[in-house]
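Worksheet for the structure shown next.
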Amino acid sequence: MSTVTTDARTDVIYQEDIVKSSGARMALAALRIVTGFYFLWAFLDKLFGLGFSTPGERAWINGGSPTAGYLAGATADDVNNPFKPLFEFFLGWGTLADIIFMAGLLGIGVAVLLGAGLKIAAIAGTLLVGFMWLSQFPLTRGGSNPILTSHWLESLAMIVSATTLAGDTWGVGKIWGRMVGNGWLR
């Protein structure tokens, strides 16, 4: 008597099931890759001080703090931000804040770039850029738009990538989907 085994993951949904246009799938993949590289680059620049946003002497590997300057700016005496107490709280975390922030940048960057774990990356990334938006609260800081910043675009790019399964095109999303199914790890 032979036993037939079936793949428990045959119900996996792929990008082709929800995005019918190959051009749209490629555009979504390009959006995902650019967004993932954006986060990965931020991690690398803060880690090594590549001289773009972070000078070499302020690199994390040289003893710099990736969060101290940002949080100090959000908590300065002249800042009129209703969320200032929240960022004063995070400023007190010191090295732990640096580790969480850098792990977030790396994890989000790698997941989005590769196209695996996009749901978790979209949630974590939206929280990260949401906190960054609150720390520079536009209604109190001026700028070119009193409400929106590029943080909204970054968040939407991650959400769109996750909800359209953009990791299936030019990424490891299909392989990842076969391994984990349609759940939160997808």
### Task
Find which of Val160, Ala72, Thr95 sits farthest along the positive direction of the dipole of the chain, computed with +1 on the beta-carbon of Lys and Arg, -1 on that of Asp and Glu, about the Cα centre.
Val160
### Query
Tell me, what % of the accessible area of segment 43-97 is carbon and sulfur with a 1.4 angstrom probe?
61
### Task
For n ≥ 4 DSSP H runs only, could you compute -39500 (n - 2.57) per run for the chain, divide by its residues and tell me the 222 nm figure to the nearest 500?
-18500 deg cm²/dmol
### Query
What whole-number value in Å² describes the accessible area per residue of segment 32-186 for a 1.4 Å probe?
52
### Task
Kindly provide the chymotrypsin sites (Phe, Trp or Tyr not before Pro) of segment 130-186 that DSSP labels as loop, not H, G, I, E or B, and whose Cβ sees at most 13 other Cβ atoms within 10 Å.
Trp184
### Task
Compute the Cα gyration tensor for segment 29-138, then decide on rounded, prolate or oblate, letting a ≥ b ≥ c be the square roots of its eigenvalues: rounded whenever a/c is under 1.5, prolate when a/b is larger than b/c in the other cases, and oblate in all that remain.
oblate
### Query
What lysines sit close enough to Lys20 to cross-link, taking a C-alpha to C-alpha distance under 24 Å and skipping anything fewer than 8 places away on the same chain?
Lys119, Lys174
### Query
Where Lys and Arg each count +1 and Asp and Glu each count -1, what net charge lies around Gly117 among other residues with Cβ under 15 Å from its Cβ?
+4
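Considering only the other residues whose Cβ falls under 13 Å of the Cβ of Met158, what net charge follows from Lys and Arg at +1 and Asp and Glu at -1?
So the surrounding residues net to +1.
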## Note on the structure
Using alpha-carbon coordinates alone, the radius of gyration and Dmax of the chain in Å work out to 19.5, 79
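The values are calculated or read from the model by the stated rules, or taken from the named source; none is laboratory data. Quantities reported herein were computed from a predicted structural model and do not represent experimental measurements. A quick note on method: Cβ atoms are made from the backbone with ideal geometry, for glycine too, and the neighbour counts reach across all protein chains shown. Side chains included, ligands, DNA and RNA excluded: accessible areas come from the protein's heavy atoms. Shrake-Rupley method; radii C 1.70, N 1.55, O 1.52, S 1.80 Å.
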